[in-house]
1. With 72, 115 as the choices, which residue is over 25 Å from residue 153 (Cα atoms), touching a Leu at 6+ places or on another chain (Cβ under 8 Å) and surrounded by 12 or more Cβ atoms within 10 Å (Cβ to Cβ)?
2. Can you find even one residue in the range 173-192 that is in contact with a strand residue (DSSP E or B) (Cβ under 6 Å, 6 or more places away or on another chain) and surrounded by 17 or more Cβ atoms within 10 Å (Cβ to Cβ)?
3. Would you mind stating whether residue 85 is out of contact with any Leu (no Cβ under 7 Å at 6 or more places or on another chain) and under 30 Å from residue 194 (Cβ atoms)?
4. Within the set of pairs 6+ apart or on separate chains, which have a first residue in the range 1-26 that is surrounded by 10 or more Cβ atoms within 10 Å (Cβ to Cβ), a second that is of a type in the set (Phe, Trp, Tyr), and C-beta atoms under 8 Å apart?
5. Looking at the range 44-64, I want the residues that are hydrophobic (A, V, I, L, M, F, W, C) and have a partner that is part of a loop (DSSP other than H, G, I, E, B) and buried (at least 21 other Cβ atoms within 10 Å of the Cβ) with Cβ atoms under 9 Å, at least 6 apart or on another chain. Which pairs are those?
6. Name the one entry in 126, 149, 156, 136 that is free of Cβ contacts under 8 Å to residues at least 60 places away in the same chain and within 28 Å of residue 21 (Cβ to Cβ).
7. Within the range 27-39, can you find the residues that are without any contact (Cβ under 8 Å) to a residue 24 or more places away in the chain, under 22 Å from residue 58 (Cα atoms) and either in contact with a Leu (Cβ under 6 Å, 6 or more places away or on another chain) or not β-branched (Val, Ile, Thr) (or both)?
8. Using the structure shown, decide if residue 44 is at pLDDT below 85 and more than 20 Å from residue 129 (Cβ to Cβ).
Amino acid sequence: MIKETLNKIILYLGLFLMFGILAFPDLRNMIGRMVGVLLNPLLAILPLHIIIFILAAITGLYASLIQKYTMDWELMRRFQERMKAIQKEFRQAQLTNNAQKMKKLQAQQAEMMGDQLEMFKQQFKPMLYISIISIPLFFWVYLAISQHPDASMVFPFWGVQKLNTTLIGPFQHWLFWYFLCSIPVSQITRKALNIGGM
């Protein structure tokens, strides 16, 4: 009972962090300042791009761990294998113009919609857990970047860039750097934990 209530609170908090900033724009700076109580001292020790690297690595690690323990990877593997087998049979039925077989396979695909919905729910839940930690970190970095507008780093292929300058659309260089750092850590962790091998 307590575990279920706690689980609901965490999920609602994740939803609030994901969508609350749309309703309350000042929330971003408020949460960023709160996280800053813990992280601001790092700014006196390390360059901002190194702090972003550390935070991104931590994000990649805990995101993989959360997904490991909140998702049914065996169900996902079974679903993927079954879907591939049906698609292969469907292609063969198309080549031989077997209308009866195609109809049967389409019915099987429709039956799998329930499993697909379950998989979507399983993917959405860890995303909310992950957002509880990653979104406040994003808010802090966003605030730190605005307070240190000259922070820059050397990017491969296009040289020194300020972290607060735009790369593509609304994406700034710091966000690109964040994802560039978190992806390898996430992939190594997934490999080590044997998750997501679909």
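1. Numbers: 72 fails: touching a Leu at 6+ places or on another chain (Cβ under 8 Å).
Criteria check complete, one pass: 115.
2. Within the range 173-192, the subset in contact with a strand residue (DSSP E or B) (Cβ under 6 Å, 6 or more places away or on another chain) is 173, 176.
Checking which are surrounded by 17 or more Cβ atoms within 10 Å (Cβ to Cβ) leaves us with 173.
Yes, there is a match, as at least one residue in the range 173-192 is in contact with a strand residue (DSSP E or B) (Cβ under 6 Å, 6 or more places away or on another chain) and surrounded by 17 or more Cβ atoms within 10 Å (Cβ to Cβ).
3. Values: out of contact with any Leu (no Cβ under 7 Å at 6 or more places or on another chain): yes; under 30 Å from residue 194 (Cβ atoms): yes.
So residue 85 passes the test.
4. Close Cβ pairs satisfying both conditions: 10/129; 11/129; 14/129.
5. Close Cβ pairs (under 9 Å, with a partner that is part of a loop (DSSP other than H, G, I, E, B) and buried (at least 21 other Cβ atoms within 10 Å of the Cβ)) amount to 48/163; 52/163.
6. One residue alone meets the criteria, 149.
7. Result: 38, single match.
8. no
The values are calculated or read from the model by the stated rules, or taken from the named source; none is laboratory data. Note that the coordinates shown come from a computational prediction; the quantities given were computed from them, not determined experimentally. Cβ sites come from the backbone with ideal geometry, for glycine too, and all protein chains shown count toward neighbours.
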